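The values are calculated or read from the model by the stated rules, or taken from the named source; none is laboratory data. Note that the coordinates shown come from a computational prediction; the quantities given were computed from them, not determined experimentally. Glycine also receives a Cβ, built like all others from the backbone with ideal geometry; neighbour counts cover every protein chain displayed.
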Amino acid sequence: MMHAPSLFRTHRAVAGALVLAFAGILASASCANPVDEHVVLGTPDDGAFEAGVQEAPSFTNVDSGTDATVDAEVSAPPKTLACIGTECPWPYATCPSATGSDDYICGIDLRTDPKNCGACGNVCPTSTTFGLLNMTTRCVAGKCQRECNSVTSYYDYRDCNGDVNDGCEADAKNDLDNCGACGIVCPPGTDHCVDGKCGCSPGMIYCGNPLLGAKACKDPTSDNDNCGGCGIKCTTPADAGAPPPNMEYGCVGAQCGQAKCKSGFQDCDGVVDPNGCETNITDVNNCGGCGVKCGPGEQCVVPKSGAPYCGCASGETLCVNSADGAVCTDLSQDTKNCGACGNVCLGSGGGLNHGYPKCRQGFCSYDCEVGWADCDGNTVNGCETNLMVNTGNCGACGHRCDAAKGQPCIDGQCLMVECDGGTDPVTK
């Protein structure tokens with residue numbers, strides 16, 4: 001059967017020309033000041049053509065028979081967003097601030113703003129009672145909701161009984177009846193829930209308070225401050241002579257007054273008298289223990305807590321500081337040791353406004369959070385500009401919306417709408 005590809009291509013070419021011509025007429029006649037660079041094409045409304053007046057053009061392959069379908073993408077005219085919008089689309093709104101001023105046109109997201117939750121001026125409730133109940137409120141999908149305080153290093157509050165009157169009553173880090181999660185009850189005989197786990201590790205005893213977490217677990221066989229039990233501190237016996245080199249009197253086998261190696265030393269030759277604990281276990285030949293030798297290029301790393309270990313691969317440098325002890329690090333990208341040990345980049349301890357520090361090739365810099373930028377170049381105030389709502393820096397520094405006409409910045413784009421066929425921008 002013969003096909004007519006040339007006729008079909010001709011029809012489609014005519015269709016394309018008609019659509020482009022029709023779209024051009026709409027754009028030129030719909031508003032007085034269309035903004036060509038913001039034109040966005042979309043899917044037309046079903047009622048774009050008035051029945052009985054003009055029929056939407058459609059083209060059918062001459063060889064398609066009864067199975068012919070309408071090419072909707074070709075036949076229907078596109079929507080053109082060519083006029084400036086001035087009215088906030090949901091969920092955005094222009095709400096007065098506490099000082100009575102408007103920060104930005106349409107700058108408030110009514111779905112998440114706790115001071116304008118669902119509507120301008122609808123403040124999610126706060127109370128000193130909330131603090132006592134370990135809870136707060138947050139705006140979620142335009143409604144104020146109560147929730148437990150954020151998890152910290154010391155506490156993890158949960159509402160395990162479902163009773164709002166006592167708030168978030170259970171601390172999953174320290175509650176024996178809800179240890180680690182609601183409903184996890186520690187076995188009988190367990191004295192404490194320690195950092196979300198039932199009791200201390202075998203051989204350890206609990207001495208302290210919840211703020212210490214796992215550090216509250218002590219070894220009663222060797223801890224000089226908890227020897228044989230919590231709070232039993234060892235002292236040097238009055239009749240004791242001077243201990244052998246690198247040794248001290250302390251807790252050994254849960255007994256005070258025993259000679260023991262000082263931290264960082266071991267008795268590797270087994271002869272206490274006369275050389276005591278002769279071996280420094282922080283060197284590359286005895287790193288963390290007798291005879292533990294580091295490999296070629298490695299160094300013996302002494303961390304702030306824990307035993308020494310062999311480390312520092314090729315490209316890493318051993319840095320010693322008061323915060324972390326000894327660490328192996330890459331000076332080209334470590335924000336706490338950028339280019340040199342101890343060179344801390346701005347904001348490494350927090351506090352950088354909507355940004356975070358970066359170390360690039362040994363030089364300090366910083367990056368902004370998504371949606372924020374440093375438009376004034378001032379490192380003191382960090383990333384001060386909200387690109388999502390700032391009409392003078394919409395989506396990028398220096399990209400301005402038409403503020404004189406009241407055009408807002410919505411999600412980093414100057415608001416454009418369909419033109420209504422009149423001479424003024426659409427504001428519906």
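Within the stretch 288-303, the set of residues being touching a Phe, Trp or Tyr at 6+ places or on another chain (Cβ under 8 Å) and over 15 Å from Cys328 (Cα atoms) comprises Gly288 only. Summed over the stretch 161-184, residues that are touching a Pro at 6+ places or on another chain (Cβ under 8 Å) and either more than 16 Å from Val151 (Cβ to Cβ) or outside any loop (DSSP other than H, G, I, E, B) (or both) total 1.
Hey, any hits in the stretch 188-196 for a residue that's among the charged types (D, E, K, R) and within 30 Å of Gly229 (Cα to Cα)? Yes, the stretch 188-196 contains at least one residue that is among the charged types (D, E, K, R) and within 30 Å of Gly229 (Cα to Cα).
For the condition at pLDDT below 90, of a type in the set (Val, Ile, Thr) and out of contact with any Asp or Glu (no Cβ under 9 Å at 6 or more places or on another chain), what is the one hit in Thr99, Thr112, Thr80? Explain how you work it out, then say what you get.
Values: Thr112 fails: at pLDDT below 90; Thr80 fails: out of contact with any Asp or Glu (no Cβ under 9 Å at 6 or more places or on another chain).
Being at pLDDT below 90, of a type in the set (Val, Ile, Thr) and out of contact with any Asp or Glu (no Cβ under 9 Å at 6 or more places or on another chain) holds for just one of Thr99, Thr112, Thr80, which is Thr99.
Take Cys359 and tell me if it is modelled with pLDDT of 95 or more and either among the acidic types (Asp, Glu) or outside the structural domain of Arg400 (by TED's automatic domain parsing) (or both).
Numbers: modelled with pLDDT of 95 or more: yes; either among the acidic types (Asp, Glu) or outside the structural domain of Arg400 (by TED's automatic domain parsing) (or both): yes.
Taking the combined requirement at face value, the residue satisfies it.
Inspect all residues belonging to the stretch 252-273 and state whether any of them is assigned to a loop (DSSP other than H, G, I, E, B), assigned by TED's automatic domain parsing to the domain that holds Asn226 and polar (S, T, N, Q). Scanning the stretch 252-273, I find at least one residue that is assigned to a loop (DSSP other than H, G, I, E, B), assigned by TED's automatic domain parsing to the domain that holds Asn226 and polar (S, T, N, Q), so the answer is yes. Consider the stretch 262-296 and keep the residues that are touching a residue at least 24 places away in the same chain (Cβ under 8 Å) and β-branched (Val, Ile, Thr). The one that is farthest from Ala313 (Cα to Cα) is Val272.
With the requirement that a residue be assigned to a strand (DSSP E or B) and not charged (D, E, K, R), what does the stretch 108-137 give you?
First, pick out the residues of the stretch 108-137 that are assigned to a strand (DSSP E or B): 108-109, 135-137.
Across the stretch 108-137, the qualifying residues are Ile108, Met135, Thr136, Thr137.
Would you mind finding the one in Cys168, Cys124 that is of a type outside the set (Asp, Glu), buried (at least 17 other Cβ atoms within 10 Å of the Cβ) and over 26 Å from Leu110 (Cβ atoms)? Break it down into steps so the answer makes sense when it comes.
Numbers: Cys124 fails: over 26 Å from Leu110 (Cβ atoms).
Cys168 is the lone residue from the list that is of a type outside the set (Asp, Glu), buried (at least 17 other Cβ atoms within 10 Å of the Cβ) and over 26 Å from Leu110 (Cβ atoms).
When Lys218 is tested against (1) crowded, with 16+ Cβ neighbours inside 10 Å; (2) farther than 21 Å from Ser153 by Cα, just one condition goes unmet, and that condition is (2).
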